Amino acid sequence: MKRPANPTGTLAGTLVPQRSTPQLIVLPEPIPVEVAFEHIGYFTPASKRIKNITTKEKILAERLNPDGTRTVLKVRILGTGHYGLPITSDLDYYRAFLKLLDDLVGRLGHIPEPIALPTKTLIRSAGKQVSTQELQAVKDWIRRGNATAIQGFYYDAVSGDYIEIGGEPLFPRYVMRGQRLPTGEYADTHAVWLASWFRTNYLHHHVRPLDLAFHLRLRKPIAKALYPLLELGWYATSGEPYTKSYLDLCHEFLLHESRYLSRIKQQLDPAHHELVQQRFLERWEYRPAAKGP
């Protein structure tokens, strides 16, 4: 169980948000994040590229059919053997992309096609230093966003229901700097086209604020993944302690499922401690699951 400290943690546990106390003020840097995308488990918390696993699946909801039966609505993240599944470093660049997108929409009033990605600006917004390695990492992030298919159901803010999407990736098209654009001109920076399902929800204001500065202060991959998950959980519980099944967490984060509490603590407590240190989590508890081990 996790309680917010400003809300947070549990195992079939509970995380509690932290309550505010006087401290040095660090100004937040809110960016709008598309809510449905935050919920599908697209990014896997890891510091190194995951090998031999290219598919993730998550249950999003159940639909009650007219005949009384239920349909389980799932989404699958389908990576490739070459690029692998998106991990924490990709999440950093995605957050920087959202900042750039917010600036563009605020200035233009719409989402342009394609969206230009000034590489050095993107790297700095992701909290990284410009280097040959990061310049290549941006290219790989773009290609991974194009190669990783999203298949199954996705919440559609216009209809207020889940719709089935047929494998369209986050970036259906892209061009690299120096390549030819559809206009015939040569691109002076990298550029991407945005998935139709993401574009629709974003323009329909199916977004919520997320603190980019706070995200960038976090160093542990699991802490970065817990941050949006807990914010969604505390929103659903109106700021009360939020409970998450350990097995569900392992499934979503692709963590090794441990049978022993001591090993589970070794696995999760470093992220919990960092969230406490950053005054996001007040405390966490591990409790026996209501069902199962």
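The values are calculated or read from the model by the stated rules, or taken from the named source; none is laboratory data. What you see is a predicted model; the values in this text were computed from it and never measured. Quick reminder, even Gly has a Cβ in these numbers, built from the backbone with ideal geometry, and neighbours come from all protein chains shown. Ligands, DNA and RNA are stripped out before the accessible areas are found, and what is left, the full protein with its side chains, is counted by its heavy atoms. Shrake-Rupley method; radii C 1.70, N 1.55, O 1.52, S 1.80 Å.
Checking each residue in the range 96-119 for being open to solvent by 60 Å² or more (accessible area, probe 1.4 Å) and within 22 Å of the chain's Cα centre (by Cα) picks out only Asp103.
Is there a residue in the range 243-256 that is more than 21 Å from the chain's Cα centre (by Cα) and surrounded by 14 or more Cβ atoms within 10 Å (Cβ to Cβ)? Scanning the range 243-256, I find no residue that is more than 21 Å from the chain's Cα centre (by Cα) and surrounded by 14 or more Cβ atoms within 10 Å (Cβ to Cβ), so the answer is no. On inspection, Arg199 qualifies as open to solvent by 20 Å² or more (accessible area, probe 1.4 Å) and modelled with pLDDT of 95 or more. Here are some residues: Thr71, Thr80. Which one is at pLDDT below 95 and outside any loop (DSSP other than H, G, I, E, B)? On inspection, the qualifying residue turns out to be Thr71. Scanning the range 187-210 for residues that are under 15 Å from Leu100 (Cα atoms), part of a helix (DSSP H, G or I) and among the aromatic types (Phe, Trp, Tyr) turns up just one, Tyr202. With respect to the conditions (1) surrounded by 19 or more Cβ atoms within 10 Å (Cβ to Cβ); (2) touching a strand residue (DSSP E or B) at 6+ places or on another chain (Cβ under 8 Å), Ala223 lacks only one, and its number is (2). Across the range 219-236, not a single residue is classified as modelled with pLDDT under 95, assigned to a loop (DSSP other than H, G, I, E, B) and out of contact with any Ser or Thr (no Cβ under 9 Å at 6 or more places or on another chain).
Against the definition (β-branched (Val, Ile, Thr) and in contact with a His (Cβ under 7 Å, 6 or more places away or on another chain)), how does Val207 come out, yes or no? For Val207, the condition - β-branched (Val, Ile, Thr) and in contact with a His (Cβ under 7 Å, 6 or more places away or on another chain) - is not met.
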